[in-house]
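Please read the structure below before turning to the comments.
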Amino acid sequence: MTDDALKRWICLGCGFSYDEALGLPEHGLPPGTRWRDIPQDWICPDCGTPKSRFEMVEIPYAAGQPALPAAA
Amino acid sequence: MSDSFVLRADERGYNRILSTGATAAYVGGHPDAFITRFSSFNFGEYQEGRHGFGRIRVFGDEAFHHPGCSYSMHPHHNFIICAFVLEGKLTHINTLGGLEDLGPGDYYAFCAGSGGLHEELNRYAEPMRAIYLWLLPDHLLLPPSYTRGHFDAAAGLNRMTPLLGDDAGAVPISQDVRVKRLVSDAPGTFRYRPRTSGHGVYAFVIDGVVRCDGSTLKRRDSKAVWGADEIVCETGRGDTDVLFVETVM
């Protein structure tokens with residue numbers, strides 16, 4: 001994976017995965033938001049683990065994932 | 001070229017988590033209950049140790065004290081969460097429809113995948129002791145699953161018994177990891193051959209004394225070896241109980 005490629009990060013407290021390509025629009029992070037651009041005091045939306053305790057992972061998605069929201 | 005590290009019992013992280021105060025929402029069983037946790041790798045408040053080993057991210061030696069002691073219902077994603085009950089009874093509740101008691105020898109693999117919730121509870125006065133193992137999965141957002149197994153120590157006496165992974169009789173998991181358990185009551189030599197030289201093995205002594213890859217390991221000591229074709233373990237005359245986690249590196 002090149003340095004420029006969009007990356008995925010996993011919460012070491014609960015396993016919640018953040019994908020730079022998808023962002024978290026419902027939490028104010030548009031698709032494409034880089035990990036480095038997320039504030040350092042950000043915490044896991046599901047368990048509150050600090051941003052510093054996430055790990056960058058290179059793990060492919062299961063078939064059919066990520067499931068995209070249905071068109072309006 | 002093989003490499004290794006030894007982690008002695010008292011070199012692990014230690015946390016005592018109360019059901020009162022700041023952790024009251026995390027641990028149930030107010031006011032007397034508390035959880036003790038020895039961590040082989042960084043987890044929660046313990047961040048002074050190693051990050052993990054291969055695909056292992058958590059290896060916790062935990063005890064739940066007092067009736068009602070629990071990890072209150074909480075979410076998980078992605079991780080393959082395994083628990084091996086050593087003593088007492090663990091009541092496990094999860095959003096895959098499970099509500100059951102696990103006793104000594106019982107274990108489960110909960111692949112959190114695209115998401116689930118679970119609660120771990122000791123309903124009884126006797127402490128519940130378990131080993132918790134968290135593995136990174138080989139795919140993100142897998143369909144969640146929960147599978148239970150049982151290790152029969154009598155049937156497996158003096159034999160390396162597969163518990164998790166792709167060996168016959170083991171509970172399958174979505175990762176290139178195998179967990180085996182050896183309970184021994186007699187001197188013996190066991191040659192563990194990792195699947196490839198790209199696989200490492202984390203050996204944890206639940207009880208007894210074992211000589212593993214040249215190191216004498218006592219109760220709750222552990223050793224990780226990688227890059228080796230074979231890891232030689234020797235048991236002595238007393239009772240020995242060792243958990244082996246083989247992982248792609």
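Laid out as a table, the results:
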quantity	calculated
Flag if B:Gly169 is over 28 Å from B:Asn42 (Cβ atoms) and of a type outside the set (A, V, I, L, M, F, W, C)	yes
Counted residues, the range A:50-72 - those being more than 10 Å from chain B (Cβ to nearest Cβ) and in a loop (DSSP other than H, G, I, E, B)	6
Residue list for the range A:7-44, restricted to those being facing another protein chain (nearest Cβ under 10 Å), outside any strand (DSSP E or B) and within 11 Å of the chain's Cα centre (by Cα)	A:Gly15, A:Phe16, A:Cys44
The one condition in (1) within 11 Å of another protein chain (Cβ to nearest Cβ); (2) surrounded by fewer than 21 Cβ atoms within 10 Å (Cβ to Cβ) that B:Leu96 fails to fulfil	(1)
Top-ranked residue in the range B:210-249 [being modelled with pLDDT of 95 or more, among the basic types (Lys, Arg) and not in a strand (DSSP E or B); ranked as farthest from B:Ala130 (Cα to Cα)]	B:Lys218
Checklist (1) more than 14 Å from chain A (Cβ to nearest Cβ); (2) within 14 Å of B:Tyr132 (Cα to Cα); (3) small (Gly, Ala, Ser) applied to B:Gly52, failing item	(1)
Test: A:Cys47 is among the hydrophobic types (A, V, I, L, M, F, W, C), more than 13 Å from the chain's Cα centre (by Cα), surrounded by 14 or more Cβ atoms within 10 Å (Cβ to Cβ) and within 14 Å of chain B (Cβ to nearest Cβ)	yes
Test set (1) more than 23 Å from B:Gly165 (Cα to Cα); (2) surrounded by 22 or more Cβ atoms within 10 Å (Cβ to Cβ); (3) of a type in the set (A, V, I, L, M) - B:Val209 fails condition number	(2)
Among (1) more than 14 Å from chain A (Cβ to nearest Cβ); (2) in contact (Cβ under 8 Å) with a residue 24 or more places away in the chain, the one test that B:Ala25 misses	(1)
Only one of B:Asp239, B:Asp185, B:Asp167, B:Asp207 that is closer than 22 Å to B:Gly54 by Cβ and of a type in the set (D, E, K, R)	B:Asp167
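Residue-by-condition table, conditions (1) surrounded by fewer than 22 Cβ atoms within 10 Å (Cβ to Cβ); (2) part of a strand (DSSP E or B):
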residue: B:Phe5; (1), (2): yes, yes
residue: B:Phe38; (1), (2): yes, yes
residue: B:Phe59; (1), (2): no, yes
residue: B:Ser70; (1), (2): no, yes
residue: B:Pro75; (1), (2): yes, yes
residue: B:Pro104; (1), (2): yes, no
residue: B:Tyr107; (1), (2): no, yes
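The values are calculated or read from the model by the stated rules, or taken from the named source; none is laboratory data. In this text, all values refer to a predicted model and were calculated from it rather than measured experimentally. With ideal geometry, Cβ positions are generated from the backbone for all residues, glycine too; neighbour counts draw on all protein chains shown.
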